[in-house]
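The values are calculated or read from the model by the stated rules, or taken from the named source; none is laboratory data. A quick note: this is a predicted structure, and the numbers were derived from the prediction, not measured. For neighbour counting, all protein chains shown are included, and Cβ atoms are generated from backbone atoms with ideal geometry for every residue, glycine included. In case anyone asks, the SASA skips ligands and DNA or RNA and just uses the protein heavy atoms, side chains included. Shrake-Rupley method; radii C 1.70, N 1.55, O 1.52, S 1.80 Å.
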Amino acid sequence: MCGILGEFGKVISPKNQFSDLLKLSVQRGSDMIGYYNNIPQESSQKPLAQFGFNRLAIMDLREIAKQPMISKSKRYVVMCNGEIVNHLDLKEKIGITNNDLKTSSDTEIVCHALDALGFDRTMNLLNGMYAMSVYDLQNNVLHLVRDPAGIKPLYYARTEFGWIFASQYDQIFKHPWFSPKLKINPEALTDYLRLGYVPAPAAMFEKSWLLEPGSYLTIQSDFNAYSEQYYVLDSIEKFQETNKDTVGELTNILQNTFSDYIHSDVPLGSFLSGGVDSPIVNAILSKSLPDLKAFTISNSDFDFDESSQAKMISSHLGIEHHVEHLSELKVANIIDKQFLAFSEPFADYSSIPTYILCSEASKYYKVLLSGDGGDELFWGYPRFLSTIDYQKWFNYPKSIRLLWAGILRQFGMRISSGIELDNIGEWVFERQSANWNSDVAKMVPNSNHSFFTKDLYSSPESDCSSVDLLMWLRKNEFYGHMQRVLLKVDRASMAHNLEVRVPFLDKRIINFSSYIKPELGIKHRQTKYLLKQVLNKYVPQNYYLNEKRGFSFNLSKLLDTELKENIQDTLMSNNLFGS
């Protein structure tokens with residue numbers, strides 16, 4: 001999509017050093033480079049600012065639309081990585097005419113909105129996927145903003161010279177203001193070893209952070225800063241029951257929302273699985289995008305292959321379909337490049353097929369549409385059900401649980417070892433973890449998780465209602481596991497100059513899903529019940545998978561074959577941890 005880099009401090013670094021740092025994110029936007037600084041200035045008391053932008057041109061491909069962009073009043077300097085999908089509605093709301101605009105860029109409309117409404121009101125009106133910096137020249141204040149779902153990343157750090165911020169973490173830890181004093185954040189390391197990624201707001205090194213979803217950071221002229229969350233996925237007290245009207249309402253919302261995600265001056269393609277979410281995106285948009293081309297990964301490991309279902313769906317919808325086969329040799333050939341695409345530790349190996357699929361799609365398109373977010377918002381994971389099933393176990397003392405589990409196992413019943421944990425929150429945490437808590441404690445003695453991670457997995461009481469538990473689980477997925485998925489897709493796609501749009505995570509759909517009373521495990525045991533009712537309007541029910549399979553492959557097999565020699569060489573290397 002694009003790459004942002006900025007400094008806001010008592011000094012700015014030499015432009016050649018800054019340019020070298022900006023080049024680290026060139027793959028996020030190789031179409032044009034933008035630059036801004038506020039030198040010369042009237043008073044030495046003002047903060048100094050230096051901004052750089054790597055642009056992937058999607059809307060208005062001309063040089064005039066490059067960023068950083070200065071508002072018409074000359075008050076605001078804006079950089080926006082992403083897409084403001086409601087920019088045309090915003091244009092109408094503010095009363096902007098075509099004569100007021102120099103470009104057809106969504107960022108220019110944001111600039112006009114800032115002039116007309118100010119920062120707070122503008123941010124509350126925005127919808128889409130974005131990471132943004134807004135420099136208020138009048139008040140000498142810098143705002144950093146991230147979209148409600150956390151689709152686009154924005155890292156920042158405080159140093160003795162001032163603040164730095166960037167789309168990629170390596171631009172932070174390699175920055176000359178920050179790199180001399182690198183110190184591992186032990187809580188972030190613990191989070192990473194447990195979950196396979198570092199959840200926001202933490203980052204791997206101390207005094208650096210990843211801005212939280214739906215938050216902004218305001219850095220004042222004296223370099224003090226405060227953060228605020230402007231959008232939170234909250235539980236709702238009054239729910240809407242599921243019925244035919246609800247299905248119709250959701251269908252209309254999906255149709256109207258998805259249509260806002262096809263604004264582009266370059267062609268669009270899509271991902272297509274054999275499941276539910278991406279087929280809905282393809283089914284709805286194939287009506288308005290007759291040349292839509294879909295991309296699917298196939299896999300010789302049957303347990304993970306959804307290509308046959310995807311082929312039936314694409315054929316039924318009349319969509320041109322490209323299937324990329326995931327072979328062991330292909331994985332071995334790209335594995336090093338795939339690692340380079342991630343500028344921070346990341347341990348989800350489903351990033352490998354994602355990287356390969358993005359590589360293939362980028363040969364044809366600069367914009368792809370995905371179905372990410374549907375599982376989290378509409379109860380799509382089987383683990384939702386199993387958590388409900390085990391809820392009542394935690395109403396009893398641990399000794400009773402262990403006794404009953406032992407008896408039931410004697411009769412051949414499979415009982416989760418998680419019933420040995422203190423509460424259901426810990427059980428959910430273990431199931432989401434790449435490594436068991438006991439193993440992490442051995443690797444990092446006296447380890448503690450970050451406050452955010454502790455809070456994320458602090459579950460309601462075990463005797464709460466199933467509805468309350470399901471609402472907590474959904475919020476946990478939204479701010480937990482989904483963030484790892486979004487990080488994976490962003491890094492894999494940006495490595496190929498490819499923008500991936502995520503229409504399910506539009507605020508309209510998020511808000512609608514919040515009002516639906518959870519029925520999973522209460523009235524029925526069908527995951528993504530509502531979305532399946534919508535998809536049935538477009539695709540025969542026997543064409544798609546009812547069970548979530550995941551986007552992965554048989555890593556164990558590769559470690560014993562194609563990747564074995566590479567892994568052995570790496571582990572035996574004297575330079576394992578870098579120089």
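Sorted by mean Cβ packing within 10 Å, highest first, what order do the peptides 133-143, 416-426 take? If you can, show how the numbers build up before the last one.
Details: 133-143: 19.3, 416-426: 16.4.
For the peptides 133-143, 416-426, the packing ranking is 133-143, 416-426.
Give the accessible area for His112 in Å² (nearest 10); use a 1.4 Å probe, count only protein heavy atoms, and leave out ligands, DNA and RNA.
Result for His112: roughly 30 Å² accessible.
How large is the accessible surface of Val26 in square angstrom, using a 1.4 angstrom probe and rounding to the nearest 10?
In the full protein context, Val26 sits at about 60 Å².
Which of the three applies to the stretch 336-382, rounded, prolate or oblate, going by the alpha-carbon gyration tensor with a ≥ b ≥ c and a/c under 1.5 meaning rounded? If you can, show how the numbers build up before the last one.
Numbers: a/c = 2.62, a/b = 1.29, b/c = 2.03.
Note, shape of the stretch 336-382 comes out oblate.
How big is the stretch 442-508 by Rg and Dmax over its Cα atoms, in Å?
Taking only Cα atoms of the stretch 442-508, I get Rg and Dmax of 16.5, 49 Å.
Which GluC sites (Glu not before Pro) does the stretch 128-211 hold that lie in a coil by DSSP with at most 16 other beta carbons within 10 Å? Present the calculation step by step, with values, prior to reporting the outcome.
On the way: sites: Glu160, Glu187, Glu206; in loops: Glu160, Glu206.
For GluC sites (Glu not before Pro) across the stretch 128-211 that sit outside H, G, I, E and B with at most 16 neighbouring Cβ atoms in 10 Å, the list reads Glu160, Glu206.
Need one word for the stretch 194-248: rounded, prolate or oblate. Basis is the Cα gyration tensor (sqrt eigenvalues a ≥ b ≥ c); a/c below 1.5 gives rounded, then a/b vs b/c decides. Before the final figure, lay out the partial values.
On the way: a/c = 4.39, a/b = 1.98, b/c = 2.21.
Oblate is the answer for the stretch 194-248, as a/c is 1.5 or above yet b/c matches or exceeds a/b.
Starting from the stretch 316-372, pick out the trypsin sites (Lys or Arg not before Pro) whose DSSP state is loop and whose Cβ has at most 15 other Cβ atoms within 10 Å.
On the way: sites: Lys330, Lys337, Lys363, Lys366; in loops: Lys363, Lys366.
Listed in order of number, the matching sites are Lys363.
Taking the stretch 393-478, which chymotrypsin sites (Phe, Trp or Tyr not before Pro) meet the DSSP loop condition and have no more than 11 other C-beta atoms within 10 Å?
Details: sites: Trp393, Phe394, Trp404, Phe411, Trp427, Phe429, Trp436, Phe451, Phe452, Tyr457, Trp472, Phe478; in loops: Phe411, Trp436, Tyr457.
Taking the stretch 393-478 and a limit of 11 other Cβ atoms within 10 Å, the loop chymotrypsin sites (Phe, Trp or Tyr not before Pro) found are Phe411.
Less than 17 Å apart at the alpha-carbon level, and either on another chain or at least 8 residues along: which aspartates and glutamates does that give for Lys537?
Within reach: Asp245, Glu249, Asp277.
I'd like the orientation of helix 307-317 relative to the chain: the angle between its Cα long axis and the longest Cα principal axis, in ° from 0 to 90, rounded to 10.
70
Rounded to the nearest 10 degrees, what's the angle between the helix 244-259 long axis and the longest principal axis of the chain, both from Cα atoms, 0 to 90?
Relative to the chain, helix 244-259 is tipped by roughly 40 degrees.
Taking a 1.4 Å probe, which of Leu114, Leu408 shows the most accessible area, and what order do the others take after it? List each step's numbers first, then the result.
Working: Leu114 0, Leu408 40 Å².
Output order, biggest surface exposure first: Leu408, Leu114.
Sorted by accessible area (1.4 Å probe), largest first, how do Lys72, Lys174 line up?
Values: Lys72 140, Lys174 105 Å².
I get Lys72, Lys174, largest accessible area first.
With an 8 Å Cα cut-off and a minimum separation of 6 or more residues, compute the relative contact order for the chain in percent. Write out the running numbers ahead of the final one.
Details: 1021 pairs, mean separation 96.3, N = 579.
For the chain, the relative contact order is 17 percent.
Please give the contour-minus-distance gain from Asp439 to Tyr230: 0.36 nm per residue of separation, less the Cα-Cα distance, rounded to one decimal in nm. Don't skip to the answer; put the middle values down first.
Values: separation 209, 0.36 × 209 = 75.24 nm, distance 3.70 nm.
Full extension from Asp439 to Tyr230 adds 71.5 nm.
What number comes out for accessible area per residue over the chain if the probe is 1.4 Å? Units Å², please. Don't skip to the answer; put the middle values down first.
Details: 25010 Å² over 579 residues.
For the chain, the solvent-accessible area averages 43 Å² per residue.
If you look for lysine pairs in the stretch 168-321 that are eight or more places apart or on different chains, how many of them have Cα atoms under 22 Å apart? Let's see the in-between values first.
Working: Lys174/Lys183; Lys174/Lys207; Lys181/Lys207; Lys183/Lys207; Lys287/Lys311; Lys293/Lys311.
Lysine pair count for the stretch 168-321: 6.
Can you give me the orientation-averaged projected area of the convex hull built on the Cα atoms of the chain, in nm²?
Numbers: hull surface 112.0 nm².
For the Cα atoms of the chain, the hull's average projected area reads 28.0 nm².
Taking K and R as +1 and D and E as -1, what net charge do the other residues with C-beta under 13 Å from the C-beta of Asp170 add up to? Write down the numbers at each step before the final one.
On the way: positive: Lys23, Arg28, Lys174, Arg491; negative: Asp20, Glu344.
For residues surrounding Asp170, the net value is +2.
For all pairs of alpha-carbon atoms in the stretch 87-150, what percent lies in each bin of width 10 Å, listed from the first bin to the last filled one?
That works out to 19, 54, 26, 1, in percent per bin.
Between the helical axis of 398-410 and the dominant principal axis of the chain, each derived from Cα atoms, what acute angle in degrees is found, rounded to the nearest 10?
Roughly 60 degrees between the two axes.
Along the charge dipole of the stretch 431-502, Cβ charges K/R +1 and D/E -1, which of Ala441, Ala495, Met482 sits furthest on the positive end?
Toward the positive end, the furthest listed residue is Ala495.
Once you sort the root eigenvalues of the Cα gyration tensor of the stretch 168-228 as a ≥ b ≥ c, which label holds: rounded (a/c under 1.5), prolate (a/b larger than b/c) or oblate (the other case)? Spell out each step's value before the answer.
Numbers: a/c = 2.19, a/b = 1.24, b/c = 1.76.
It comes out oblate by the Cα gyration axes.
Quick one: 3J(HN,Hα) in Hz for the stretch 529-539, Karplus 6.51/-1.76/1.60 with θ = phi - 60°, rounded, Gly and Pro as x.
With coefficients 6.51, -1.76 and 1.60, one gets 3, 5, 5, 5, 5, 5, 4, 4, 6, 10, 9 Hz.
Could you name the lysines in cross-link range of Lys74, using Cα to Cα under 28 Å and dropping any fewer than eight places away on the same chain?
Lys10, Lys15, Lys23, Lys46, Lys66, Lys91, Lys93, Lys102, Lys152
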